[in-house]
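Peer 1: Please see the structure below; I have some questions.
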Amino acid sequence: MDSIESFFSLVVSAAQSHSWMYLVAAVLMAATWGARKYLAPKVPWLASDAGGVALALLLAFFGALVTAGPSAAFSWALLAASAKVAIAAMGGYSGLRKLVVPLLRWLAGKVGLGGAAAKIAAAEKAGEDAVKKSPSPGAGAAGKPTEVP
């Protein structure tokens, strides 16, 4: 797209030709741009990877519902189809990795399932502290790593 004028020209022609799917897509693109540009300074989470994925997920879900049109009967099948479109729009695995995995890690920490990771981190820190307190006297005495005895 070369300019904002060409974008609005496409929006107007989509509306005049009753191409609602294209009109909704254009509105969703404008909503995404507006949210990232104007809401992100107020809500910094929207500027993050997870925020971008969540925004794409929500806008795609509601966009799929709207493009079904008023003639489509509201049903579980329509919701399932909209969810499939939303998951595809958020990037599938990439979206899950950026949105769902951090959420699950946060929940695991709140519930207490993150205990193993905390124990490993504590053991590693204790090891580092022990080495700092009493470094090995033979460190560096064997020569360079490229020298073969």
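Peer 1: Give me the distance in nm between label points sitting 7 Å out from Cα along the Cα-to-Cβ direction at F62 and I120, one decimal.
Peer 2: 4.0 nm
Peer 1: Give the peptides 126-134, 28-36 in descending order of average Cβ contacts within 10 Å, highest first.
Peer 2: 28-36, 126-134
Peer 1: Say the cut-off is 30 Å between C-alpha atoms; which of K37/K84; K110/K132; K42/K110; K37/K98 go over it?
Peer 2: Flagged as over cut-off: K110/K132.
Peer 1: Then there's this: Can you tell me the FRET efficiency between E5 and K42 if r is taken as the Cβ-Cβ distance and R0 is 22 Å, rounded to the nearest 0.05?
Peer 2: FRET efficiency, E5 to K42: 0.15.
Peer 1: Once phi is turned into ³J(HN,Hα) by the Karplus curve 6.51 cos²θ - 1.76 cosθ + 1.60 with θ = phi - 60°, what whole-Hz value does each residue of the stretch 40-46 show in order, with x for glycine and proline?
Peer 2: With coefficients 6.51, -1.76 and 1.60, one gets 4, x, 8, 10, x, 4, 5 Hz.
FYI, it's all coordinate maths here, none of it is from the lab. Bear in mind that the values here come from a model prediction, so they are computed numbers and not experimental data. Note that we place each Cβ from the backbone using ideal geometry, even for glycine, and neighbour counts take in every protein chain shown.
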